[in-house]
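Q: Structure below; questions to follow.
The values are calculated or read from the model by the stated rules, or taken from the named source; none is laboratory data. These numbers come from a predicted model, not from an experiment. Note that we place each Cβ from the backbone using ideal geometry, even for glycine, and neighbour counts take in every protein chain shown. Side chains are part of the model used for accessible areas, which takes the heavy atoms of the whole protein and leaves out ligands, DNA and RNA. Shrake-Rupley method; radii C 1.70, N 1.55, O 1.52, S 1.80 Å.
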Amino acid sequence: MAIREHRLVFKHIDALGYTRDIDCYLKHGGYEMLKKGFAMGGAAIREEVKKSQLRGRGGAGFPTGTKWSFIDPAKVTKPIYLICNADESEPGTFKDRQIIYKDPHQLIEGMILSCFANGVKLAYLYIRCEFTEGWKILEKALGEARSHGFLGKNILKSGYDLEIHVHRGAGAYICGEETGLIESLEGKRAYPRIKPPYFPAVLGLYMCPTIVNNVETLCNVKHIVEMGGEAYAKIGRPNNTGTRLLCVSGDVVKPGYYEFPCGALTMGELIHDVCGGIRNGGKLKAVIPGGSSAKVLRAGETYKIKEKGPDGNLVEKEVKLEDLRMDFDTLASAGSMAGSGGVIVMDQTRDMVECLANISTFYAHESCGQCTPCREGVLWMKKILARIAEGHGREDDPNMLKEVADRIAGRTICAFGEAASWPVQSFIGKFKEEFSLRIRRNGTAAKRDTVSLTH
Amino acid sequence: MNPWNHDVAKDEKDLVDVQIDGVWMQMPRGLNVVEVAHRAKKFLPHYCYHPKLSVVGNCRMCLFEMGTPKMGPDRKPVLGADGKPEIAWMPRPQIGCATGITPGMGIRTDSALVKDCRNGVMEFLLINHPLDCPICDQAGECKLQEFSVEYGTGASRFTENKVKKPKNVDLGERIVLDDERCILCSRCVRFSSEITQDNVLGFVNRGSHSTLTAYPGKSFDNDYSLNTVDICPVGALTSKDFRFQMRVWFLKETKSLCTSCGTGCNTMIGSREGKVYRLTPRENESVNSHWMCDHGRLNFHYLESKERLTRPLLKAAGEQFPGTWVDAIARAAEGLQKVKPAEIAIVASGRLTNEELFVLKRLAGELGVSQVDTVPHLGQGDKFLRSADGNPNGRGAELLGLSSGGRVLSGWAAAILSGKIKALLVLGGENLISAGIPASTLAKLEVLIYSGILSNETSRLAQVVLPGSGFAEKTGSMVNVHGRLQRMTRAISAPGEAREDWMILRDLRMALTGGNSLHSVEDIWKSMATEVPQFQGLNWAKIGDLGIQIESSAKADEAKLA
Ligand SMILES: Cc1cc2nc3c(=O)[nH]c(=O)nc-3n(C[C@H](O)[C@H](O)[C@H](O)COP(=O)(O)O)c2cc1C
Ligand code: SF4
Ligand code: SF4
Ligand code: SF4
Ligand code: FES
């Protein structure tokens, strides 16, 4: 294999003999960075995070240093909260749970450092409700950290106090959207808030400044403190720094989770070299590169991407799907996104109508129902797709689906509107002939009853 | 009263330049785009936004195209040929309800994108809507109907099965919910939690299946619940009292006041062919904002009570018989003339208008009657609108010098027994028995004249009964407990031969003293404005639809305590 994994966050995941208890963590140098970080001071940590160019791993890829800079702990008079988003529910994504289940103290150390850096005295770890075991693991780990003096009053005699509470999610995908999460944490329905005015950095949890970061993002903070922002930024590529956890699922020989420097490998390398190629000797048909809401990319097509040349200027290149670099900027310029790192690979046996109908069923089930276009439009799209899948499609359905999606994306309260529309826009955009064919064959082609008309 | 007042600018004089549909104008800084568009005589349609509720931005009907001043390399706005900033338009539409204006902002309320946004929202709102307008009470004042005509396409492309939801849900004592009609704007939810602090409504289920409901084991019946029927943009919430009674487009609307307590909430009477069908609050920020209590709202059915007096009654041989107005007025005058003025007491009423009370004052003055008072009606107030003072015009009666708030009246039972009071003129339908004068005492009177709209224990003892008018049947003014003078206008005429009270008093006065200078409300005002210090300089027109503060609220309170 030409490309080797670079395990930073996943260093100890699945390592022989490594256990999730604090003794094992301490034996491996655990909580040493706490001492270093406390000695550096909060402002210095924030500076290093900025230098590291770390981008959020929750989906949007927003620069963490910038996010933190919206809050100045020296000026804010209200309490500042930090929330670790461990709701991981984007289909195709299964990285955060590895950390929670197998190396919880790494997350806790990253959280404590991030809290310290931002003057946070009370933090929450919002964990997906279905992770029952993970919840117990976190509670136990927090207890261990507490009894070792890493949490609570006067941590390591630094005078700094911090408490972290675990909060179990409410069993809905939308609880992962940061403002929905905040509402849920406050004990309400996870209805995302309008932004403006309710930017978490200004009016977050209990209307106080709040930082919401993904599990993986917070773990990276520990490594940034360890190696310094500049050294961290050398991993990966400019503006796409550090490592990235990739969760590969679908029609590959070796699905699983991997960690690579951001952009160090291409889609083709990931699928063929790392994951052993398409299973059963099949052919690559399409990839969803960043969780189910990312736009699907079709094999055999070329993508115009803009990349920084050696002279620093942007140059446009045409590349094949397999040659797309697995980083934020490349996938964005190819019209999709790196998202949550969930890479879903589809081979030539996959029926795109079924795939999209399946994805749409998920979104129709998960729309929180707060705002009109998403609430009504997403179920409508699902119903049309189910009808096509069941052999009752009409010629105009693909156009109508696209028009419905176009009237949702960009017009809703939260990014769920896009998350639900992008698959429809891209599947129909890239595989229109498959939808048309299915509709032309209709009746007789109503093969599998995989999607029901109602839910 | 309201935690939010989005329609009120922080500072009306702090203006910023904004461009609305190509025209630059000045508007107060920070005001939201829905309000700014409204002031610019443009309309941004909206469902969930209400100026007095928190902004949630869920309907997405108010999407507009927004721009900000284009910045040059020097970080200064680039100016166009007209010297105004050039605008960089954002590709994403924004919601007007949650966007405050800033200097140089560009607003498009009518572009192709905006039209497509509205059209989309309308299509989405209608796909799962039952479209049962023919049997819906909201028809005629439904924003869904209205906006779909204005901004929709007419035809629906939706051919799938609609989502089924509960219909005919009993939310509480007074409200029925049709969940299929609900557009989930959450106005009702926000009203109940933010305005009345009564958290009983919420949504269950997700997506298209989202359903409004009352919390398990709770029912929605606080005393302000019916306001949600007003603010519900569709026919999801209906008033049990009003539903199926009358199509709203047949209703005549008349500006009036609620007379069920001393607050005097401003109302609109909805009537048709001499019958009142509903009362709704009429916006007045100095009194009741957009709201009124359920008690006051529903307190009009007595106008059609079986006890309603529709003809003058005269007592003969111990029994009351219908008679003519001429005979009744003559009998009343005759009775009052039989005794000395010092032996007459008058029960004026805090339910009468200032105009009626003024004619009464003239009458008392000319007759030389000095014993006049009103019956206090102490009820249950609350922290919101409802006043504990059940008299709608107790303050007016005080200002006219016709009331001591019941202190004088409290001595009358003894005075009747001792023979000091021989005649009693009772107005405003007051029941003296519940006011503390037993029937046996009243029986000692030589003369008892009663005017009111309903018969009661007191009326049944009277020698003459003069049928008067209810609040919807009269025009006049009242002063509320906070010292605000307000007008009410007649919506319907009194039933049968019942008459407006000021006319009854005018005729009685003519018969008794020959005084006949007051022929109309305007006439009354001419005199009243010179005689009552607080009314000085005022006339009917000046009071206006929203009333006038004639004394400070504190002063009115003080007077009440004294
Ligand atoms: C519908 C929706 C679901 C989301 N679910 C998650 C999630 O499960 N986990 C997560 O970390 N971020 C999720 N996000 C992104 C969060 O809103 C937020 O951007 C993220 O937690 C920020 O962390 P980061 O800056 O570290 O990436 C979701 C966003 C949307 C719109
Ligand atoms: S876009 Fe969908 S998920 Fe987001 S607030 Fe609106 S209805 Fe809820
Ligand atoms: S019942 Fe009416 S006010 Fe309440 S959420 Fe539904 S549409 Fe809005
Ligand atoms: S508060 Fe008083 S005036 Fe207002 S509606 Fe209720 S009873 Fe009528
Ligand atoms: S009025 Fe509903 S979103 Fe603005």
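Q: Among (1) open to solvent by 80 Å² or more (accessible area, probe 1.4 Å); (2) closer than 25 Å to A:Ser147 by Cβ, there is one condition A:Asp21 misses while meeting the rest; what is its number?
A: Failed condition: (1).
Q: How many residues are of a type in the set (S, T, N, Q) and open to solvent by less than 10 Å² (accessible area, probe 1.4 Å) when one looks only at segment A:248-294?
A: Count: 2.
Q: For B:Cys185, indicate whether it is within 27 Å of B:Asp17 (Cα to Cα), within 16 Å of ligand 3 (Cβ to nearest atom) and modelled with pLDDT of 95 or more.
A: Spelling it out, it is not the case that B:Cys185 is within 27 Å of B:Asp17 (Cα to Cα), within 16 Å of ligand 3 (Cβ to nearest atom) and modelled with pLDDT of 95 or more.
Q: Determine if segment B:139-152 includes at least one residue that is among the small types (Gly, Ala, Ser), away from every other protein chain (no Cβ under 14 Å), under 25 Å from the mean Cα position of the chain (by Cα) and surrounded by fewer than 21 Cβ atoms within 10 Å (Cβ to Cβ).
A: yes
Q: Any idea how many residues of segment B:255-264 are open to solvent by 10 Å² or more (accessible area, probe 1.4 Å) and outside any strand (DSSP E or B)?
A: Summing the residues that are open to solvent by 10 Å² or more (accessible area, probe 1.4 Å) and outside any strand (DSSP E or B) in segment B:255-264 gives 4.
Q: Is it the case, given these coordinates, that B:Cys293 is within 24 Å of B:Cys48 (Cα to Cα) and either within 14 Å of another protein chain (Cβ to nearest Cβ) or away from ligand 3 (no atom under 16 Å from the Cβ) (or both)?
A: yes
Q: With the requirement that a residue be touching a residue at least 12 places away in the same chain (Cβ under 8 Å) and among the small types (Gly, Ala, Ser), what does segment B:169-220 give you?
A: Listed by number, the residues that qualify are B:Gly172, B:Ser186, B:Ser192, B:Gly202, B:Ser208, B:Ser210, B:Ala214, B:Ser219.
Q: Of these, A:Ile137, A:Ile174, which one is touching a Pro at 6+ places or on another chain (Cβ under 6 Å), in a helix (DSSP H, G or I), open to solvent by less than 40 Å² (accessible area, probe 1.4 Å) and over 24 Å from A:Ile71 (Cβ atoms)?
A: A:Ile137
Residues are listed down the side, and each one gets a yes or a no for (1) under 22 Å from B:Leu144 (Cα atoms); (2) within 16 Å of ligand 4 (Cβ to nearest atom); (3) out of contact with any Pro (no Cβ under 6 Å at 6 or more places or on another chain):
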position	(1), (2), (3)
B:Arg181	yes, no, yes
B:Arg190	yes, no, yes
B:Glu194	no, no, no
B:Ser208	yes, no, yes
B:Pro233	yes, no, yes
B:Leu251	yes, no, yes
B:Cys261	no, yes, yes
B:Glu273	no, no, yes
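Per-residue answers, yes or no, for (1) open to solvent by 60 Å² or more (accessible area, probe 1.4 Å); (2) closer than 22 Å to A:Leu125 by Cα; (3) outside the structural domain of A:Leu205 (by TED's automatic domain parsing):
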{"site": "A:Arg4", "(1), (2), (3)": "yes, no, yes"}
{"site": "A:Phe10", "(1), (2), (3)": "no, yes, yes"}
{"site": "A:Ala15", "(1), (2), (3)": "no, no, yes"}
{"site": "A:Lys36", "(1), (2), (3)": "yes, no, no"}
{"site": "A:Gly41", "(1), (2), (3)": "no, no, no"}
{"site": "A:Glu48", "(1), (2), (3)": "no, no, no"}
{"site": "A:Arg57", "(1), (2), (3)": "no, yes, no"}
{"site": "A:Lys78", "(1), (2), (3)": "yes, yes, no"}
{"site": "A:Asp103", "(1), (2), (3)": "no, yes, no"}
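Q: Also, quick follow-up: State the number of residues belonging to segment A:236-247 that are more than 18 Å from A:Leu8 (Cα to Cα) and open to solvent by less than 10 Å² (accessible area, probe 1.4 Å).
A: Number of matching residues: 0.
Q: I need the full set of residues from segment B:279-309 which are open to solvent by less than 50 Å² (accessible area, probe 1.4 Å) and away from ligand 4 (no atom under 13 Å from the Cβ), in order please.
A: Across segment B:279-309, the qualifying residues are B:Leu303, B:Ser305, B:Arg308, B:Leu309.
Q: Same structure again: Would you pick out the residues in segment B:210-221 that are buried (at least 20 other Cβ atoms within 10 Å of the Cβ) and either within 16 Å of ligand 4 (Cβ to nearest atom) or part of a loop (DSSP other than H, G, I, E, B) (or both)?
A: Residues satisfying the conditions are B:Ser210, B:Phe220.
Q: Report the residue count in segment B:88-122 for those that are open to solvent by 10 Å² or more (accessible area, probe 1.4 Å) and either without any contact (Cβ under 8 Å) to a residue 24 or more places away in the chain or under 30 Å from B:Phe244 (Cβ atoms) (or both).
A: 5
Q: Here's something else I'd like to know. Answer yes or no: is there a residue in segment A:331-353 that is acidic (Asp, Glu), assigned to a helix (DSSP H, G or I) and away from ligand 1 (no atom under 15 Å from the Cβ).
A: No, segment A:331-353 contains no residue that is acidic (Asp, Glu), assigned to a helix (DSSP H, G or I) and away from ligand 1 (no atom under 15 Å from the Cβ).
Q: Condition test on A:His223, is it away from ligand 3 (no atom under 16 Å from the Cβ), part of a helix (DSSP H, G or I), touching a Leu at 6+ places or on another chain (Cβ under 7 Å) and of a type outside the set (Val, Ile, Thr)?
A: Considered against the rule, which asks whether it is away from ligand 3 (no atom under 16 Å from the Cβ), part of a helix (DSSP H, G or I), touching a Leu at 6+ places or on another chain (Cβ under 7 Å) and of a type outside the set (Val, Ile, Thr), A:His223 comes out as yes.
Q: Right, here's the next one. Residues of segment A:372-382 being open to solvent by less than 10 Å² (accessible area, probe 1.4 Å), of a type outside the set (A, V, I, L, M) and at the interface with chain B (Cβ under 7 Å from one of its Cβ atoms), which ones?
A: Result: A:Thr372, A:Pro373, A:Arg375, A:Gly377, A:Trp380.
Q: Does A:Glu90 fit the bill of being open to solvent by 20 Å² or more (accessible area, probe 1.4 Å) and of a type in the set (Asp, Glu)?
A: yes
Q: Still on this model: Given B:Thr228, B:Thr159, which one is of a type in the set (Ser, Thr, Tyr) and either assigned by TED's automatic domain parsing to the domain that holds B:Phe384 or open to solvent by 10 Å² or more (accessible area, probe 1.4 Å) (or both)?
A: Among B:Thr228, B:Thr159, only B:Thr159 is of a type in the set (Ser, Thr, Tyr) and either assigned by TED's automatic domain parsing to the domain that holds B:Phe384 or open to solvent by 10 Å² or more (accessible area, probe 1.4 Å) (or both).
Q: Then there is this: Going through B:Asn161, B:Asn168 one at a time, which residue ends up being farther than 27 Å from B:Gly96 by Cα and within 14 Å of chain A (Cβ to nearest Cβ)?
A: Just a single option satisfies the conditions, and that option is B:Asn161.
Q: Scan segment B:50-77 for residues that are within 14 Å of another protein chain (Cβ to nearest Cβ), open to solvent by less than 10 Å² (accessible area, probe 1.4 Å), touching a residue at least 40 places away in the same chain (Cβ under 8 Å) and assigned to a loop (DSSP other than H, G, I, E, B) and jot them down.
A: Those that are within 14 Å of another protein chain (Cβ to nearest Cβ), open to solvent by less than 10 Å² (accessible area, probe 1.4 Å), touching a residue at least 40 places away in the same chain (Cβ under 8 Å) and assigned to a loop (DSSP other than H, G, I, E, B): B:Leu53, B:Gly57, B:Asn58, B:Cys59, B:Met61.
Q: Can B:Leu113 be described as closer than 21 Å to B:Leu237 by Cβ, within 14 Å of another protein chain (Cβ to nearest Cβ) and part of a helix (DSSP H, G or I)?
A: Against the criterion (closer than 21 Å to B:Leu237 by Cβ, within 14 Å of another protein chain (Cβ to nearest Cβ) and part of a helix (DSSP H, G or I)), B:Leu113 does not qualify.
Q: Same structure, new question: Let me confirm something: among B:Gly401, B:Gly368, B:Gly350, B:Gly411, which residue is modelled with pLDDT of 95 or more and open to solvent by less than 20 Å² (accessible area, probe 1.4 Å)?
A: Exactly one residue qualifies, and that residue is B:Gly350.
Q: Moving to a separate point now. Can you find a residue in segment A:359-369 that is more than 30 Å from B:Gly120 (Cα to Cα), in contact (Cβ under 8 Å) with a residue 40 or more places away in the chain and either out of contact with any strand residue (DSSP E or B) (no Cβ under 9 Å at 6 or more places or on another chain) or in a helix (DSSP H, G or I) (or both)?
A: Among the residues of segment A:359-369, not one is more than 30 Å from B:Gly120 (Cα to Cα), in contact (Cβ under 8 Å) with a residue 40 or more places away in the chain and either out of contact with any strand residue (DSSP E or B) (no Cβ under 9 Å at 6 or more places or on another chain) or in a helix (DSSP H, G or I) (or both), which makes the answer no.
Q: When segment A:216-235 is examined, which residues are found to be surrounded by fewer than 24 Cβ atoms within 10 Å (Cβ to Cβ) and not hydrophobic (A, V, I, L, M, F, W, C)?
A: Passing the criteria: A:His223, A:Glu226, A:Gly228, A:Gly229, A:Glu230, A:Lys234.
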